[in-house]
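To keep things clear, I will list the structure first and then write my remarks on it.
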Amino acid sequence: MKKVLPFFLSIAILIGCNEVSNKKSVDLSVDLCKCLTEPGNSEWALEHKDACRDAISKELGVDDYEKVNFSIDPELNRKWDQLVQKCTGSNVVKTGVEEIDRNSELVKEIGTAYGYIWESINIPEQLYTTLAFDGLVFRTTLYSMNGNSNSEDFTKVIDLSGKWKGIDKGSAEGVYSENNVSVSWEFSEDYSSLTNGKGVVFQRIKVK
């Protein structure tokens, strides 16, 4: 004989399934490309922050893209590059939106996907800082050198990230996601160095 669940138990299971489904649902109506290109401190970006995070993560097939280190995962890095190109165009195919195209022009000179990161070494203060531009996300990490010269012996102090955009071929700006603080960078003509808004100079280094 076919077993039938008690009515209330059936309802409870259905409700439970709906709750799980709701928790994992992603707002598919959000504009994915706008999520990538909208300044992080705009009213729209702040209102859709969670929806954008979930939509981008779903597109990439990860739980939370903001926690992914793209530089050590070639497959995810490839997916990210494809998504960015889809939304921002490239040096060959322009979007026609000047603000977006400026990012595309800068990425090949400053981006992690092209093998570049940036570093600043402050010997007197014993501070070592790295800056990485992954797609349209930037990450700043500060280490205490502890009197050592080997980076493996450094101690991580701060790790912040946010969204950035190009202003022109020689400058860019961003907003930290953690505290909504703005930051800016000026690049040298040959892109060998940059200076942030506080006057700290970073050198571009090739990592692959």
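What follows is calculated from the coordinates using simple rules that are stated; it is not laboratory data. Only a predicted model underlies this, so the values are computations on that prediction, with no experimental measurement involved. Backbone-built Cβ (ideal geometry, glycine too); neighbour counts: all protein chains shown.
Below are the figures for this structure:
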item: Label-to-label distance, nm, for residues given as E105 and K156 (7 Å Cα→Cβ offset); result: 3.5 nm
item: In sequence order, calculated HN-Hα J values of region 54-62 (Karplus, 6.51, -1.76, 1.60; Hz; x Gly/Pro); result: 5, 5, 5, 4, 5, 4, 8, x, 10
item: Paired Rg and Dmax values of region 115-206, which use every Cα atom, in angstrom; result: 13.2, 39
item: Rough spin-label spacing in nm, given labels placed 7 Å along Cα→Cβ, for Y114 and W44; result: 2.7 nm
item: When each of K67/K163; K156/K198; K79/K108; K86/K198; K108/K163; K49/K156 is checked by Cα-Cα distance, pairs over 23 Å; result: K86/K198; K49/K156
item: For K34, K156, order by how many other beta-carbon atoms lie within 10 Å, fewest first; result: K156, K34
item: Amide H within-cut-off set for G135, under 5 Å, with H built and near neighbours excluded; result: T112, A113
